[in-house]
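Below is one structure, written out as structure tokens; the observations come after it.
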Amino acid sequence: MCGALLSSPGSVVLGALNGLFVAGLAHFAIGGTAFAIIMIAEAILLAIRLVSLKRVKSIHEAGGVPAIDTPITLSIIWCSLQGALFFFAIRTGSTPLMVLAAAHCMGLVGPLCARNYAAPRLALLLVGLCVAPFVIGAASTGEPLMLALVFLLPGFLLGALQILAQYRSAMLAALGAELINAQRARHDPLTGLLNRHGLEGVMKDLSRNQVFSLVCFDLDGFKPINDRFGHAAGDRLLCEVGERMRNALEEGQVLARIGGDEFLALLPGQGAEATNARIEAVIAAVSDTPYTVDGKALVQIGVTAGFACYPDDATGIAELHVLADRALYAAKKAGKGFGTRYQPSLAA
């Protein structure tokens, strides 16, 4: 997050142009070497920062995570340079230059807080590097009224902290809500398993050269139990069945509920033989031990499975699902309670 916030070319260029503008006006109006040095340093630093940002962008595009040390260091140097500009501008005694310096200084506070809210101590340091030299320069002019800025500085910094806290709170709330929505979009609200959309996302991340099996599970005898004991009891039963099925899978194997009493399992790296063994383990986990319903009644649930293998049976995810579903239908038609692989003879 810090790397992304410190990588805004637009704000870097605009900030540098404003600094160059103020330093340039001061140099042509007042003269001296201080503003000329600041102008040269501003131009060199801008070039270095743009090169750094280009490198950050290339790392992002390559899927990497850029280091933030260089952007942070360059930001600290730039804010120190702005502080020097404000110090010398305020000491000129020129009212127009003092107003320009004050406007530029105050204009930096909001963007610095907004861009660096994820690192509040860094943001406060950057603000301080800009504001403190301005206040020190004003106090050293000998103008009594300028001393009031010294007493205003603590309140000013507290105000910056308040801005940071508000930015941070609002953005973290937005990120949290986005994460929750993404979680809900990918997971079944009843069992907590992945839903169809979530499973498809996992499957798309698999390598095209990777072997895997897709298994369709359908519960046997669930509907009569659901009708007899009610939907609330049926929901609790589905949750327990889902937990047993998930525990029967190995690490790296993924289970999803796609609706009603239908489940899908993704078994990466599994061929037909290994998939048959895993299906037997799932069927045993679901069927061997009765379930307690309403605290007293014992009921039995069975499960039937059909599966297809990638890339032997299909070369696309959608097609693989269709073939596994056909195998499931054939198994249920043949007697239920077991798993079978798709065969070309099952084609519709």
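The values are calculated or read from the model by the stated rules, or taken from the named source; none is laboratory data. What you see is a predicted model, and the numbers here were worked out from it, not measured in a lab. Here the Cβ positions follow ideal geometry from the backbone for every residue, glycine too, while neighbour counts run over all protein chains shown.
Filtered by the rule that a residue be in contact with a helix residue (DSSP H, G or I) (Cβ under 9 Å, 6 or more places away or on another chain) and either in a helix (DSSP H, G or I) or acidic (Asp, Glu) (or both), the range 204-222 gives 204, 218, 220, 222. Residue pairs whose Cβ atoms lie under 7 Å apart, separated by 6 or more positions or on different chains, with the first residue in the range 38-51 and assigned by TED's automatic domain parsing to the domain that holds residue 86 and the second among the small types (Gly, Ala, Ser) and part of a helix (DSSP H, G or I), are 38/23; 38/84; 39/23; 39/24; 42/16; 42/19; 42/23; 46/16. Restricting attention to the range 314-348, which residues are in a loop (DSSP other than H, G, I, E, B) and either of a type in the set (D, E, K, R) or in contact with a Gly (Cβ under 9 Å, 6 or more places away or on another chain) (or both)? Once the filter is applied, which keeps residues that are in a loop (DSSP other than H, G, I, E, B) and either of a type in the set (D, E, K, R) or in contact with a Gly (Cβ under 9 Å, 6 or more places away or on another chain) (or both), the range 314-348 yields 336, 337, 342.
Does residue 249 qualify as being assigned by TED's automatic domain parsing to the domain that holds residue 307, surrounded by 19 or more Cβ atoms within 10 Å (Cβ to Cβ), within 18 Å of residue 194 (Cα to Cα) and modelled with pLDDT of 90 or more?
Numbers: assigned by TED's automatic domain parsing to the domain that holds residue 307: yes; surrounded by 19 or more Cβ atoms within 10 Å (Cβ to Cβ): no; within 18 Å of residue 194 (Cα to Cα): yes; modelled with pLDDT of 90 or more: yes.
No; evaluated as a whole, the condition is false for this residue.
Scanning the range 167-189 for residues that are surrounded by 13 or more Cβ atoms within 10 Å (Cβ to Cβ) and either over 18 Å from the mean Cα position of the chain (by Cα) or among the acidic types (Asp, Glu) (or both) yields a single hit, 188. When 213, 207 are checked against the criterion of being modelled with pLDDT under 75 and not assigned by TED's automatic domain parsing to the domain that holds residue 74, a single residue qualifies: 207.
Considering only the range 79-98, state which residues are over 39 Å from the mean Cα position of the chain (by Cα) and either closer than 12 Å to residue 25 by Cα or touching a residue at least 40 places away in the same chain (Cβ under 8 Å) (or both). Give the derivation first.
Of all residues in the range 79-98, those over 39 Å from the mean Cα position of the chain (by Cα) come to 87-98.
Of everything in the range 79-98, those that are over 39 Å from the mean Cα position of the chain (by Cα) and either closer than 12 Å to residue 25 by Cα or touching a residue at least 40 places away in the same chain (Cβ under 8 Å) (or both) turn out to be 87, 88, 89, 90, 91, 92, 93, 94, 96, 97, 98.
The set of residues from the range 36-57 being at pLDDT 80 or above and not aliphatic (A, V, I, L, M) comprises 42, 49, 52, 54, 55.
Count, please, the residues in the range 167-197 that happen to be farther than 26 Å from residue 284 by Cα and out of contact with any Cys (no Cβ under 9 Å at 6 or more places or on another chain). Walk me through it before giving the result.
Step one: filter the range 167-197 for residues farther than 26 Å from residue 284 by Cα, giving 167-186, 197.
From the residues that got through so far, the ones that are out of contact with any Cys (no Cβ under 9 Å at 6 or more places or on another chain) too are 168-186, 197.
Count: 20.
Can you find a residue that is within 30 Å of residue 271 (Cβ to Cβ) and not hydroxyl-bearing (Ser, Thr, Tyr) anywhere in the range 151-170? Taking every residue of the range 151-170 in turn, none turns out to be within 30 Å of residue 271 (Cβ to Cβ) and not hydroxyl-bearing (Ser, Thr, Tyr).
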